[in-house]
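Following: one structure in structure tokens, then a few remarks.
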Amino acid sequence: MFNFNKMFKTALVLVAAAMMLTAVTANAAKFKKEYKMQVTVGPKLYWGMGAAKFAELVKEKTHGQINVKPYFGSALLKGAQLKSSQMVAKGVIDCAMDSTINISPVIPETNIFHLPFFLNDFESMDKVKYGEAGKAIFKAMEKKRLQPLAWAENGFRQLTNSKVLVKKPEDMKGLRIRVVGNPLFIDTFRQLGADPVNMNWGDAVAGFQQGVVDGQENPVGVLIPIQIYQYHKYATMWNYLADPLIIYWNQREWKAFPKEIQDQIMEAAQEAGRFETALSRAGLDGDKSLKILKDEFNYTMEVPDPIAFMESKGMEVHSLTPEELKAFEQATLPVYDKWIKEIGPDVYEKAKADMGR
Ligand code: X2X
């Protein structure tokens, strides 16, 4: 028998299904199959784990509509890590999770984090990131067609080498130290009497293995996964500078996303940033970051005490005393004259005010 009610209901269901299909197809047409993400390091480093977390969270929060694929080891740049922000600004690469060191060629303001011995504890770090200086950096990025989404962290960079336990600037005389090709790093190490060699990260580990250089500077979150203790016996914990990471997107592409998608990606970036920052601080800030990882991410650190771990592998690890630090601060002061001009005196003043200095 003809049942009008039933037929009407079936028709409604069909119309709804068709509408949903159209919406999904329309979205599928709107979005790329894959959004390419530049990541300087490999997936085992905390930074790489943070990038993978971001990709996973984006997929989850956008219900599979946005697929971010991390390309580790600067694969999209053939290793040329300092080109990352230029390529994202152009839209050749969609997004990145990168160190402020690698962003500095496009955004010189990020070098505020790399002035030697300027900012050397987590508290100051957060005050600058989330204060007026950090805001100025994000604004500068927007002007250069980069959309910043969230902060993360590679960590305070520490000195290791195969020759001598460095406790004073004189100990660095003639040491060949691999640094990233950011000229501020060359200036700093020359000022300390060392012989800095600029090398991309992709070549650096082979450089340590082959002893092409005597030493390097990187955070423990990088040094432990690459097993630096196989090549370098001496570590100086001097927190001489940190590199925050920034998750960012090509601005044109970002602006074309629907608001809902922007909100979901932004949420994913904030969460991945918090996770990754806790990974890189774990065991270096009491139990604060270890607790964040456990309580919020149900994650237990394999290496809960990085310094003890490096010592257990036979390294001699020395943390500079306040007195020893003073000698390094004094020795690197001339670098400030040139670099405050490059960074912008306004950002320098903002960072000092953020830290209450
Ligand atoms: O090249 C480095 O030293 C690294 C991996 O730490 C950065 O990309 C800044």
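Computed from the coordinates by the stated procedures, all read-outs in this text should not be read as laboratory data. All figures in this text were calculated on a predicted structure; none of them were measured in a lab. Every residue, glycine among them, receives a Cβ derived from its backbone with ideal geometry; neighbour counts consider all protein chains shown.
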Query raised in the report: How big is the charge dipole of segment 237-357 about its Cα centre, in debye rounded to the nearest 20, if each Lys and Arg gets +1 on its Cβ and each Asp and Glu gets -1 on its Cβ?
Result: 340 debye
Report task. Quote the charge dipole size of the chain about the Cα centre in Debye, to the nearest 20; the model charges only the Cβ of Lys and Arg (+1) and of Asp and Glu (-1). Result -> 1400 debye
Report task. Identify, among GLY344, GLY131, PRO148, the residue whose Cα sits farthest towards the positive end of the charge dipole of the chain, taking +1 on the Cβ of Lys and Arg and -1 on the Cβ of Asp and Glu, with the dipole about the Cα centre. Result -> PRO148
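How high is the relative contact order of the chain, given as a whole-number percent (alpha carbon pairs under 8 Å, six or more residues apart)?
With pairs under 8 Å counted, the relative contact order is 23 percent.
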Report summary line: In whole angstrom, the spacing between the Cα centers of segment 115-167 and segment 210-269 equals 10 Å
Query raised in the report: For ASP263 and LYS173, what does the FRET efficiency come to when R0 = 45 Å and r is the distance between their Cβ atoms, rounded to the nearest 0.05?
Result: 0.25
Query raised in the report: About the Cα centre of segment 104-177, what is the dipole size in debye to 20, counting +1 per Lys and Arg Cβ and -1 per Asp and Glu Cβ, all else neutral?
Result: 320 debye
Requested in this report: Work out the charge dipole of segment 173-278 with +1 on the Cβ of Lys and Arg and -1 on the Cβ of Asp and Glu about the Cα centre, then indicate which of ALA194, ASN182, ALA269 is farthest towards its positive end.
Outcome: ALA194
Report summary line: For segment 202-357 the mean separation of alpha carbon contacts under 8 Å (6+ apart) over residue count, i.e. relative contact order in percent, is 26 percent
